[in-house]
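To keep things clear, I will list the structure first and then write my remarks on it.
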Amino acid sequence: MKKILITGGAGYIGSHTAVELVKAGYEPIILDDFSNSNPNVINRLSEILGKDVIYFEGDCNDKEVLESVYAAHAFEGVIHFAAFKAVGESTQFPLKYYQNNVGSLTVLLDFMQQKGVKNIVFSSSCTVYGQPDQLPVTEETPRKDAESPYGNTKKICEDILVDFVKSKAKVRVVSLRYFNPVGAHPSAKIGELPNGTPNNLVPFVTQTAAGIREKITVFGDDYDTVDGSCIRDFIHVMDLANAHVKALAYLEKQADCFYDVFNVGTGNGNSVLEIIKTFEKVNDLKLNYTIGPRRPGDVVKIWADTQKINQVLGWYPQYSLEDSLRDSWNWEKSLSGELA
Ligand code: WQD
């Protein structure tokens, strides 16, 4: 069975991808330092999969850690999720973000080259587009100056991967530009676990619904959009996870020295206020929200053109926005002591 290293595999998208990898016949090897994830996710994965999941606690920045993982489980591919991802925090501590997000990729690529591991799927983000001039965005849409050091680390990592392939390194790379991941595994055994006060919209919505937060503030309703609030492309995390499996299978068929990039979104844009209204409807509850000032650095509207991933990877979203908002609420309600 092909072993695949998942760095950050106990995290939100990493854990859901581990489930999809097993379903596709791969053996995930999770490496996570649990700096932004909960070790109990490993047990939850075993419950979902009905078998033990191989994992190592450690920092993928550390070559010795990679050596010990590889000695135990010679993996044939990598999905690289491990990165700090809080936009606001990255402006406060840019060096921490550059060292971790960019540094870990260079250590990993060097290690892969030494061991002859060829396939890597990289976790990138639609944040590389900034505020696009045209919508929907295709993969050829020019990338813009990042709004934050976090966003810049994603751009720099994409450039590192392109340059590494251009250097004739024997690697095959796909960068996946995520839009806005939301939702949770239908079992409600794994989901998004924000550290402290959520930065992102949907976990804030679910925590408000759960009474953990008093209310949700809509950051601006005076934008040039259908209802004045920002628009995003919200994609179910299971669909996003499946895109990684499809990307891996695609890479395995390519020649060495290969690079490609795909948008991973639904192709639909929904506004912040639409998310709130849909969440209320789907879950039959009322949310306490107010309109507040705009959040600096916010992109007004962005959603994906998904023709390339549809046609090249044969990937299409299977879950609806309603599924995402139902699953995210079921997950929030399921949160108990050991994972809260
Ligand atoms: C979405 C919309 C907010 C919270 C960022 C990163 C991206 C990825 C996902 C890591 C915006 C509005 C939010 C709230 C609100 N990062 N909002 N009230 O900013 O699109 O993307 O997170 O994987 O790379 O850039 O996501 O969920 O923070 O915000 O009104 O309490 O919801 O203003 O318009 P964003 P988000």
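Observations on the model:
- Out of 105, 95, 109, sole residue that is outside any loop (DSSP other than H, G, I, E, B), open to solvent by less than 30 Å² (accessible area, probe 1.4 Å) and under 16 Å from residue 155 (Cα atoms): 105
- Scanning segment 175-214 for residues that are away from the ligand (no atom under 12 Å from the Cβ), hydrophobic (A, V, I, L, M, F, W, C) and under 19 Å from residue 238 (Cβ atoms) gives 184, 188, 190, 193.
- Selection count where residues are within 15 Å of the ligand (Cβ to nearest atom), out of contact with any Leu (no Cβ under 8 Å at 6 or more places or on another chain) and open to solvent by less than 30 Å² (accessible area, probe 1.4 Å), scope segment 264-285: 3
- Filtered residues of segment 178-198 (kept if open to solvent by less than 10 Å² (accessible area, probe 1.4 Å) and assigned to a strand (DSSP E or B)): 182
- Every residue from segment 23-61 that is open to solvent by 40 Å² or more (accessible area, probe 1.4 Å), among the polar types (S, T, N, Q) and part of a helix (DSSP H, G or I): 40, 43
- If you go through segment 286-308 and keep only what is in contact with a helix residue (DSSP H, G or I) (Cβ under 7 Å, 6 or more places away or on another chain) and away from the ligand (no atom under 16 Å from the Cβ), you end up with just 286.
- Within segment 135-174, the set of residues being in a loop (DSSP other than H, G, I, E, B), more than 18 Å from residue 233 (Cα to Cα) and touching a strand residue (DSSP E or B) at 6+ places or on another chain (Cβ under 9 Å) comprises 171 only.
- When residues of segment 199-226 are limited to those that are polar (S, T, N, Q) and more than 18 Å from the chain's Cα centre (by Cα), the one surrounded by the fewest Cβ atoms within 10 Å (Cβ to Cβ): 217
- Residue within segment 311-323 that is within 16 Å of the ligand (Cβ to nearest atom) and either under 28 Å from residue 188 (Cα atoms) or modelled with pLDDT under 95 (or both) present: yes
The values are calculated or read from the model by the stated rules, or taken from the named source; none is laboratory data. Here the structure is a predicted model, which is why all the values come from computation and not from measurement. As a convention, Cβ positions derive from the backbone with ideal geometry for all residues, glycine included, and neighbour counts pool all protein chains shown. Note: areas computed on protein heavy atoms with side chains; ligands, DNA, RNA excluded. Shrake-Rupley method; radii C 1.70, N 1.55, O 1.52, S 1.80 Å.
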